[in-house]
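Below you'll find the structure, written out as structure tokens, and then a few comments.
The values are calculated or read from the model by the stated rules, or taken from the named source; none is laboratory data. Keep in mind it's a predicted model, so treat the numbers as computed, not measured. Note that we place each Cβ from the backbone using ideal geometry, even for glycine, and neighbour counts take in every protein chain shown. Accessible surface is based on the protein model in full, side chains and every heavy atom, while ligands, DNA and RNA are left aside. Shrake-Rupley method; radii C 1.70, N 1.55, O 1.52, S 1.80 Å.
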Amino acid sequence: IVFARNDPSVPRSFYAQLPLTVDVENYSNNEKTFQPPKKLDCSKAQEGACPVGAIAYFSPWNNVCLYYGDAPRYSGLYVMGKAVSGTEQIRNITGKVKIEAVRQ
């Protein structure tokens, strides 16, 4: 799956931690989650709703969330970007996953 990141502080601080190998888990009925090694910088970000294909950061739990179902705006939830390909594969992600930065 390929995600395009937004410009605020949250995705920049996540991007700076890459590459990562993480354990992806199911959460609820619309998302997959994992924890980055360090908390992300939310100083210049706005909370928002997450449509299908969004990648977001839930700051209270230090979770990165990948959405295969819509999620409403929630306190502490910051949208970091969206999938530009592979959205339909999010639902099937499980176990250890390697995340790498790709520059275009």
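For region 23-71, which strands (runs of 3 or more DSSP E) that fit wholly inside it have 3 or more residues that are touching a His at 6+ places or on another chain (Cβ under 6 Å)?
none
Counting just the residues of region 1-14 that are assigned to a helix (DSSP H, G or I) and over 19 Å from Ile90 (Cα atoms), which one comes out most open to solvent (accessible area, probe 1.4 Å)?
Selected residue: Arg12.
Please specify each residue of region 83-102 satisfying the condition of being over 16 Å from Asn26 (Cβ atoms), of a type in the set (Val, Ile, Thr) and either modelled with pLDDT of 95 or more or open to solvent by less than 60 Å² (accessible area, probe 1.4 Å) (or both).
Thr87, Ile99
Within the group Cys50, Cys42, which residue is surrounded by 14 or more Cβ atoms within 10 Å (Cβ to Cβ), of a type in the set (A, V, I, L, M, F, W, C) and more than 13 Å from the chain's Cα centre (by Cα)?
After ruling out the rest, the residue left standing is Cys42.
Would you point out the residue of region 1-34, among those that are closer than 12 Å to Val64 by Cβ and among the polar types (S, T, N, Q), that is nearest to the chain's Cα centre (by Cα)?
Here the answer is Thr33.
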